[in-house]
Structure formats: structure tokens, C-alpha cells
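The values are calculated or read from the model by the stated rules, or taken from the named source; none is laboratory data. Note that the structure is a prediction, hence the values are computed from the model and not measured. Cβ atoms come from the backbone with ideal geometry, glycine included; neighbour counts cover every protein chain shown.
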Amino acid sequence: MAEQLAKIQPQAITSPDNKLQTLHHRMSVNRFGHRVVEGAVRNISPDSNVSAEIKAEYYDAAGTLIGTEVDIVRRLEPGKTGAFEVVYSGERRWDIKSYRIVTLQQI
């Protein structure tokens, strides 16, 4: 199961305003059993000091939504990349089998 969770998702997600783009993302399990969606986001605009909000939804094996969490990457200069980690630590973390990034936006 750990290998399945750690599979990198290379598909790019672009923000609605075309200022931000994910480079890759994957879900893993940290040493506390929390599910972590980690990846990289790039400022693809000419704007300075762009901050990104990344929101992930977590699902069980039946596709039922378990929870939603957010991470923020601050102060991305044009062309620069920042790492994100969206952590779910709720009681049902053991039931999580998949995730989906539902929001990538400038804040």
C-alpha cells in the first residue's frame, strides 16, 4: 500500500488565473500515520510575491469524501518553485485511499 500511496502524479494543474501551476504531486504517509499530499508549485506569471493556496480532498476506497485540508506557499517570485504539504491528520486517516487537488489559487 505504501508504494501505491507514494505514486507521483505528474499531471499539471493550472490555477484559473494562469499564474500558478503544479509540477508534480503524490500522497504519502508520514511517521505519525498522517496522509500527506506533497508536491511542487511554480509561479508561471510575471507577478512578484505570489502566494499559492493548495486544497486537497481525501477519499476512502468507496470514493466517499473523508476530509479536506489546505496548505499555503508564500512569496513565489516569477518562475520560482515552492514545495507544498497538505496534511490530513483526522481520525479517519487510516481509511484514506486516494486524494484530489481541488483548488490551486493565488491568495
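Some points to look at:
- Condition met for residue 104 (of a type in the set (A, V, I, L, M) and within 20 Å of residue 12 (Cα to Cα)): yes
- If the condition is being touching a residue at least 60 places away in the same chain (Cβ under 8 Å), over 11 Å from the mean Cα position of the chain (by Cα) and over 26 Å from residue 77 (Cβ atoms), then region 12-34 contributes only 33.
- Among all positions in region 81-91, there is no residue which is among the polar types (S, T, N, Q), assigned to a strand (DSSP E or B), surrounded by 17 or more Cβ atoms within 10 Å (Cβ to Cβ) and at pLDDT 95 or above.
- One residue stands out in region 52-107 among those that are touching a Lys or Arg at 6+ places or on another chain (Cβ under 8 Å) and aromatic (Phe, Trp, Tyr): the one that is nearest to residue 25 (Cα to Cα), namely 99.
- Residues that are out of contact with any helix residue (DSSP H, G or I) (no Cβ under 6 Å at 6 or more places or on another chain) and either among the basic types (Lys, Arg) or not in a strand (DSSP E or B) (or both), drawn from region 51-71: 55, 61, 62, 63, 64
- In region 40-50, residue farthest from residue 75 (Cα to Cα) [restricted to those that are assigned to a strand (DSSP E or B) and free of Cβ contacts under 8 Å to residues at least 60 places away in the same chain]: 40
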